[in-house]
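Read through the structure below, which is laid out as structure tokens, and then see the notes.
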Amino acid sequence: MTFSMKNRLCIASPNLAAYSETFIRDQINYLQPDFLIYHGNYPVKSKAGDWKLSFPFNVTLIRGIVRRIFPRLFHISYTNSLAAYLVKHKVGILLANYGPVGVSVVDACQKAGVRLIVHFHGFDAYAFGTIAKYQHAYKNMFSVAERIVAVSTEMREELIKLGAAPGKVVFIPYGINQEKFTSTDPAANGPLLVNIGRFTPKKAPDLLIKAFRIVKDAVPDARLVMVGEGELFEEAKTLAASLHLSDDITFTGVQTSEQIVTLLHQARIYVQHSLRPASGDSEGTPVSILEACACGLPVVSTRHAGIKDAVINGQTGWLVAEGDYKGMAEKIIELLKDPATCRRMGEASRKWMAEAYDFKSQMKKLEEFIKV
């Protein structure tokens, strides 16, 4: 994509290569921003290497100490440095990924006369600790930001509750590339269940494993593959062993996109037990569910955040209440024993992705939303 001189685009993001942030990598690859700044909730360097905070703030340890002890001093210095960079390069629009990044850059955007767009993704709209820390700053950012992007209808309502003007907030879901995530026939596949995602509390890998224990008793040849890493990875493996499932659950670690497509093509059902844990953290819309739907798989998951938009209950899969792993097991067993319904739901899933989650269509919406 190309932007006019007055709309020269800078994207601000905490990370460049986090494997779990495929949505941001896809966004950057599609929009092709003129400038990219990154490295933390206060993005402190440019990808092109033509900007970083000056000494002593370019030293990570010193920067951390000053931010903690003299936050206002650090913010003023940061604002002046980033504003000068934006003015020098005649940036017209800054797209900030995640609410806290928007808070960090808002004053620099005002100082430089740059239009600010803030893209929320999940924890930044839900996690209790994040909201407690940033709630006041969010209200200021919402008043300055020209537009706000939410990735689910529930998130849009949540941001409005936090103080964003309804007219500023738009629902633009993540898109999926169906040329890459091609269709399989779940009815022709064996009783393989697949789950993809970081092993974190909001993805509740323990409840998925407990559900699978019930499934295994009813469908002895069922298998489960869990892809990803995270703080609960070892705990999940220990639980699987304690439930005598070590031979039936494969923990692959992180997989490439190509490996994930191959795996989804071998599955009959995609499964995920997302919930809102005690921290308040929440999904935005899990990209892994969109990928599975694009591959023509039925989904068994929970009525959680953007999953309620992505999975049409009873048509493209089944949704159960958060925490109801027994109900989840029942729906999985039902589908494993009914390949024809798996095929019908899988076909409906792929059609729904083409209608509502097409990658190019959603990126085009984001591009137009930014330019207007």
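Taking all protein chains into account, the per residue accessible area for segment 1-152 stands at 44 Å² (1.4 Å probe). In segment 302-372, the portion of solvent-accessible area held by carbon and sulfur atoms comes to 50 percent [1.4 Å probe, whole percent, DNA, RNA and ligands not counted].
Mean-square fluctuations from a GNM of the chain, with a 10 angstrom spring cutoff on Cα atoms, peak among Ser46, Ser143, Ser361 at Ser143. Between segment 274-313 and segment 219-246, the alpha-carbon centres lie 20 Å apart. Only Cα pairs within less than 10 Å get springs; with that Gaussian network setup on the chain, which residue of His89, His304, His273 has the largest fluctuation? Greatest mean-square fluctuation among the candidates belongs to His89.
Give the carbon-plus-sulfur fraction of the accessible surface of segment 42-138 in %, rounded to a whole number; probe 1.4 Å, heavy atoms of protein chains only. Of all accessible area on segment 42-138, carbon and sulfur atoms account for 62 percent.
Take the Cα radius of gyration of the chain and divide it by 2.2 N^0.38 Å, N being the number of residues; the result is 1.04. What is the percent carbon and sulfur in the accessible area of segment 194-240, measuring with a 1.4 Å probe over the protein chains and ignoring ligands? Carbon with sulfur: 52 percent of the solvent-accessible area. Accessible surface area normalised per residue over segment 228-274 is 48 Å², counting heavy atoms of protein chains with a 1.4 Å rolling probe.
Here the 3J(HN,Hα) profile of segment 208-222, calculated from phi with Karplus coefficients 6.51, -1.76 and 1.60 at θ = phi - 60°, is 5, 5, 5, 4, 5, 4, 5, 4, 4, 5, 8, 10, x, 8, 5 Hz, Gly and Pro shown as x. For the peptides 68-77, 310-319, the ranking by packing is 310-319, 68-77, with the highest mean count of neighbouring Cβ atoms within 10 Å listed first.
Among beta bridges from DSSP that stay inside the chain, the antiparallel ones total about 5%.
Relative to one another, the C-alpha centroids of segment 103-155 and segment 314-335 are positioned 35 Å apart. Pick from Ala305, Ala112, Ala96: which residue has the top mean-square fluctuation in a GNM of the chain where Cα pairs under 10 Å get a spring? Of the options given, Ala112 has the highest mean-square fluctuation. Judged by the gyration tensor of its Cα atoms, with axes a ≥ b ≥ c, segment 164-304 is oblate; a/c meets the 1.5 cut and b/c is at least as large as a/b.
Protection proxy ranking of 167-180, 286-299, by the mean of other Cβ atoms within 10 Å over each peptide's residues and highest first, is 286-299, 167-180. Rolling a 1.4 Å probe over the protein heavy atoms gives segment 279-372 an accessible area of 37 Å² per residue.
The values are calculated or read from the model by the stated rules, or taken from the named source; none is laboratory data. Quick caveat: nothing in here was measured; it's all calculated off a predicted structure. Backbone-built Cβ (ideal geometry, glycine too); neighbour counts: all protein chains shown. Heavy atoms of the whole protein, side chains included, go into the accessibility calculation; ligands, DNA and RNA do not. Shrake-Rupley method; radii C 1.70, N 1.55, O 1.52, S 1.80 Å.
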